[in-house]
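The values are calculated or read from the model by the stated rules, or taken from the named source; none is laboratory data. This one's a predicted model, so the numbers in the text were calculated from it and none came from an experiment. Neighbour counts are summed over all protein chains in view; Cβ atoms, including those assigned to glycine, are modelled from backbone coordinates with ideal geometry.
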Amino acid sequence: MSMGEDGGSEIDVETLHGRDWPSVTQFSIFLENRVGRLQEVVRYFQGSKVKIVGLTISDSADCSIVRLILSHPEQGREILARNRHAFAENELLAVELPVSTSPLGDMCLGLLRAEINIHYAYPLIVQPHGRPAVAMHVDNIEQASRSLHEMGFEILCEADLTG
């Protein structure tokens, strides 16, 4: 306890909120379904420190949604905005898969036990610590992170993706 400026006491309090679980930012970019549109987006990042570390594409007859995870999301956001692309952002859970006989099965079982749904998932292009990793959009990132962490899975943050 210390004295405040007004003579009153200040109490140093440590909260029990717990850990803020890491996440990675995903950019969903809406593109017309035309030849060369993906190359155009990829080219935006050339010459910058921003690297595409995760990628998946969903398409329909008229448009595509390109989902990207970028090594430096703040700069990536600026680049996308400068090039006038419509995009949305989501927070995803990125998990490094351990060396085991069934890492995906173990991960799915851990999420099932925690009653967490996976809406979609895709592998990361980079392997931050030399092991495969997957990005997932889940119901509850904090609960999913806690459950998988307790099972020994490494939860990745954006700093892990810059190397």
From the options Ile79, Ile57, Ile29, residue that is part of a helix (DSSP H, G or I), of a type outside the set (Ser, Thr, Tyr) and either in contact with a helix residue (DSSP H, G or I) (Cβ under 8 Å, 6 or more places away or on another chain) or surrounded by 17 or more Cβ atoms within 10 Å (Cβ to Cβ) (or both) = Ile79
ask   = Which of the residues that make up region 153-163 are buried (at least 16 other Cβ atoms within 10 Å of the Cβ) and part of a helix (DSSP H, G or I)?
value = Glu158, Asp160, Leu161
key: Residue that is modelled with the lowest pLDDT, among those in region 19-37 that are over 12 Å from Ile141 (Cα atoms) and touching a Ser or Thr at 6+ places or on another chain (Cβ under 7 Å)   = Asn33
query = For Leu92, are the conditions met, namely being touching a His at 6+ places or on another chain (Cβ under 8 Å) and under 22 Å from Thr162 (Cα atoms)?
reply = yes
inquiry  = When the residues of region 112-136 are narrowed to those that are free of Cβ contacts under 8 Å to residues at least 40 places away in the same chain and touching a Pro at 6+ places or on another chain (Cβ under 8 Å), which ends up nearest to Leu93 (Cα to Cα)?
reply    = Ala133
